[in-house]
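The values are calculated or read from the model by the stated rules, or taken from the named source; none is laboratory data. All of these numbers come straight from a predicted model, not from anything done at the bench. In this analysis, Cβ positions are derived from the backbone assuming ideal geometry, glycine residues included, and neighbour counts consider all displayed protein chains.
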Amino acid sequence: MSEPTDDTAPTGSTADAEPNADGERLHPLTPFLRGGAFAIVILAGILRDQISHPNYGFIAAVAGAVVLVGGGYGLVTWLFTRYRLTEDSLRINTGPIVRRNRVLRYDRMQAVDVNQPLLARIFGLAELRMDVAGGEKSEGRLGYLTLADARALRARLLAPAAGLHADTPTAPEQIVLTVPTGRVFGATLLSSPVVGSFLATVAVVVVTIVLGQPLGLLVMVPWALGVLTPIARNMARLGGFTVSSSPDGLRTRHGLASVEHQTLPPGRIQGLAISQSLLWRLFGWFRVEVDVAGMGSQSQGGVSSAVVLPVGDRADVATVVSRLFGSIDPLAISRHRAPRKARWLRPFGAAFLSWGSDDAVFVTTEGWIDRRVNVVPHAKTQSVRATQGPLQRLLGLASVAVDTPLGPVNAVALHRETAEAVSLLRDQVERAHRLRIRSAGDQWMRSLDEPSDAPMPR
Amino acid sequence: MAKPLARADDDLFAPADATWTPVEPALAKVRRVVLGISVLVVAVLACIVLWLTAPAWTLALPILPGVVGGALGWLTIGRNQRSWRYAERESDLLVSHGVMFRSLVVVPYGRMQYVDIQSGPLQRAFGIATVELHTATPQTDARIPGLKPEDAARLREKLASLGNAQASGL
């Protein structure tokens, strides 16, 4: 875990020593990129009231001051920021005003990704984002470097983490599938918030016309907020979505303006959720999300969710799931439906409740309007819980939940016969115990070479 | 007056293959004290409001609901305290509680991230504490209230060492 230590590296005094002794510098454009957007915002704020009566002298003075102060600070910070690869960790030293030494150990690194925010992408630069076990999100960012340098550094960081020699070249990637950007557009159009806002806009227009009032700007609010914004946001964020497999795990690349990568090491996947809303059912579209541990989110446990497939058809889902779970096909596991009595508690949805389990994963389905499939590998089960409310007790039913870290996956076998719940609880506890002992450790790449006697949940 | 629980329910919420330890009756006492104070405060406030706004005879109105509510609460607290139980098995811990809403949680030792002991002033006065286990998810919600402090400390030591020994991270 990277903690600021008291060891202040003598970055200032060795400026004239060997350039590699204290580490490399980041790309010279870094301070301008980091401060650039910020400076623009400040300038806009200060000069907003100058638009109508421009006082060029004042504008020039303010712009000059912002550039000098901001640029100067950025330049000095850049001069004193260095990074260095040691035998067991990456060390980043910053200074001179705020002194910080970050130590990022190779064996704690779970994923390293190269991202290109829009501004950096224009100049051909990239930023490295490292997910460190137990670390904060802000700890593991290093930017900016040229794209080639960033990729090389990424390869050098990942090799020791996977138990390979440090000079292993970048792992080749194979593109598994690409999501056509048009489909993202269509899927966003058909998502419930957008459709709802569209209908609201239509309703407002109709009412306004019927009442004989002129169409005011009020009409634009649901349109802009509910229809245009989600479309723009989803296209920018999810456009050009590509899933590829690499020895590091499944990798996704997405973004039209800024480009972001996300690596999903198989050992870190806590659960998977496949969902399909009512409108998407017309087109046979699904969405796949996973719970990933140690992605450096703000929450305590450091678990967040990642979208593996924003929209895809059944074949795409099968492809992605097979990459994540190997030879196991969670959708093919035979499942037990809820008893008829459950209809008293869920009149329509009871027909779609089911659970199933094989040697590796636990699967539940639910949903009448919006369908959902939750998959949890036994090895990732946290705790198992049985609950029964008074209505359930009257009917002789109970629910069994397999707990996973907070996220889109919510695996609950709802409204089961009590006897069935008893055996399900007992079996799940035992399966989780057996597979937890066997699950892969940190250096998962090395463990893949070792013989194992059964397909392990990846 | 409690309905005998169905046998299948017992199998689910109190499996026979574990030795179940109940919690201290002092837990019920603490909760009843809190209940009594709350009922009293609400009744006094209601009486004040009625005295200021309504004819004098209405002051008798809060009495019946207060007494009935207090009695029901008293009995429910007792039943609930008796329903709390935990069992230490070889590789996991079971915690079961509830009368209306029953629940059983099975927490493997290897999944425990940390164990807390909490004890408020009223609990300390009655000599009990609460042990809280945390896994990677807040859904686990494994708490055992109403333990004697020395039992709580012993349990925490045992869980901490077992958790370390069987830890498998995420």
Check your understanding: What is the residue count in region A:106-123 for residues that are part of a strand (DSSP E or B) and at pLDDT below 80?
Key -> 3
Check your understanding: Restricting to strands (runs of 3 or more DSSP E) lying wholly in region A:369-458: which have 2 or more residues that are at the interface with chain B (Cβ under 9 Å from one of its Cβ atoms) and either crowded, with 16+ Cβ neighbours inside 10 Å or at pLDDT 85 or above (or both)?
Key -> A:384-388, A:397-402
Check your understanding: Here are some conditions: (1) modelled with pLDDT of 85 or more; (2) in a helix (DSSP H, G or I); (3) not charged (D, E, K, R). A:L128 meets all but one. Which one does it not meet?
Key -> (2)
Point to revise | Selection count where residues are within 20 Å of B:R154 (Cβ to Cβ), within 8 Å of chain A (Cβ to nearest Cβ) and of a type outside the set (S, T, N, Q), scope region B:88-109 | key: 3
Revision key, fill the gap. Only one of B:V30, B:V44, B:V67 is of a type in the set (A, V, I, L, M), more than 14 Å from chain A (Cβ to nearest Cβ) and either in contact with a strand residue (DSSP E or B) (Cβ under 6 Å, 6 or more places away or on another chain) or crowded, with 16+ Cβ neighbours inside 10 Å (or both), namely B:V30
Review point. Name the pairs whose Cβ atoms lie under 7 Å apart, with the first residue in region A:177-205 and under 16 Å from A:G239 (Cβ atoms), the second outside any helix (DSSP H, G or I) and aromatic (F, W, Y), and 6 or more positions between them or separate chains?
Key: A:V179/A:F241; A:V184/A:F241; A:A187/A:W285
Check your understanding: In region A:284-300, how many residues are over 19 Å from A:P265 (Cβ atoms), away from chain B (no Cβ under 12 Å) and at pLDDT below 50?
Key -> 1
Check your understanding: Quick one: is B:P62 at pLDDT below 90 and not aromatic (F, W, Y)?
Key -> yes
Practice item. Within region B:136-170, count every residue that is modelled with pLDDT of 80 or more and outside any loop (DSSP other than H, G, I, E, B). Key: 20
Check your understanding: Would region A:198-205 turn up any residue that is touching an Asp or Glu at 6+ places or on another chain (Cβ under 7 Å), hydroxyl-bearing (S, T, Y) and surrounded by 18 or more Cβ atoms within 10 Å (Cβ to Cβ)?
Key -> no
Practice item. Quickly run through region A:346-368 and pick out the residues that are touching a residue at least 40 places away in the same chain (Cβ under 8 Å) and either of a type in the set (F, W, Y) or within 14 Å of chain B (Cβ to nearest Cβ) (or both). Key: A:W355, A:F362
Exercise for review: Sort out which residues of region B:64-115 are among the aliphatic types (A, V, I, L, M) and within 11 Å of B:A142 (Cα to Cα), and write them in order of number.
Suggested key: B:L93, B:L94, B:V95, B:L104, B:V105, B:V106, B:V107, B:M112, B:V115
**Study point:** All positions within region A:246-276 that are of a type outside the set (A, V, I, L, M, F, W, C), touching a helix residue (DSSP H, G or I) at 6+ places or on another chain (Cβ under 7 Å) and buried (at least 20 other Cβ atoms within 10 Å of the Cβ)
**Key:** A:D248, A:G249, A:H254, A:G255, A:P265, A:G267, A:Q270, A:G271
